Amino acid sequence: MNDQELSARLKKAGATAVSDALDRLGIKGQAIGIVPVARTMRFAGRAFTIRMLPVGLTGGSVGDYIDDVAPGQVVVIDNDGRMDATVWGDILTWVASQRGVAGTVIDGVCRDSDRCVELGYPVFARASTMRTGKDRVTADAYNVAVQIAGVRVEPGDWLLGDADGVVCIPASRAVEVLTIAEQIEAVEDEIREAIRQGKRLDEARRDLGYHALQTRSR
């Protein structure tokens, strides 16, 4: 399966089904507390990671990396959950949108959120604020392992975001996770159809094994 097909199928499956699949496989991948600027935003793609640190005595900038992000990749910024300094704003949103970047995920805050909405560019963060990160944080490393809301993200891992939040999928498990997520979605469709045919919800759930869908495989 190529990346384009995997991206499309992950977005169709959605974050909740993928989250259930991660639970079944015992993979910690739910980035709790990272939410979209607008609920209609949705993305899937491989991670381009950035690790931020406090600026300290050496100076530095929040980074001029955006031209190195390939179309379809997701910018993943580990800013240690900071709420007092942004690391993503208007210009980065505009350039990323022009370059076909899939989206941005920040363990921290963004700003210029109206621009994200105007361009339909997906940005997921803890919140938005106006205060710049310049002279407060610096880009310390690119394409290294980072963490987003306590979830480890390696360069090239898959991230999926929609109205319900963000999930991270290890690159080596992406097809496996997608397959289970699609199976879960199929069972839920069968439950809905059974109810349309007149079956009780509790009966449909029992008959189709609903309560075990997320149970960890042994």
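Summarising the label geometry, the points placed 7 Å from Cα in the beta-carbon direction at Q197 and L57 lie 7.4 nm from one another.
Once the convex hull of all Cα atoms in the range 28-169 is built, its volume per residue stands at 86 Å³. For the chain, the 222 nm mean residue ellipticity estimated from helices alone, with every DSSP H stretch of n ≥ 4 adding -39500 (n - 2.57) and the total spread over all residues, rounds to -9500 deg cm²/dmol. What lysines could a cross-link reach from K199, if we take a straight Cα to Cα line under 29 Å and drop same-chain neighbours fewer than 8 places away? Here the lysines satisfying the reach criterion relative to K199 are K12.
Each part gets one Cα centre, and for the range 143-218 versus the range 1-78 those centres are 17 Å apart. Residue order for T179, T49, T104, T138, fewest other beta carbons within 10 angstrom first, comes to T179, T138, T49, T104. Using a Gaussian network model of the chain with C-alpha springs under 10 Å, which one of D68, D80, D112 is most mobile by mean-square fluctuation? In this elastic network of the chain, the residue with the biggest mean-square fluctuation among D68, D80, D112 is D68.
Spacing of the modelled spin labels on T129 and N143, each 7 Å from Cα toward Cβ, amounts to 3.2 nm. Computed extension length for K28-Q98: 21.9 nm, one decimal, from 0.36 nm per residue of separation with the Cα-Cα distance subtracted.
Listed by chain and number, the aspartates and glutamates whose C-alpha is less than 14 Å from the C-alpha of K28, apart from same-chain residues fewer than 8 away, are D20, E154, D157.
If the segment from Y65 to R216 were pulled out straight at 0.36 nm per residue, it would be longer than the present Cα-Cα gap by 50.5 nm.
Read-outs throughout are calculated quantities, based only on the coordinates presented, and are distinct from any laboratory measurement. Remember, it's a predicted structure, so these values are computed and weren't measured experimentally. Glycine gets a Cβ as well: all are built from the backbone with ideal geometry, and neighbour counts include every protein chain shown.
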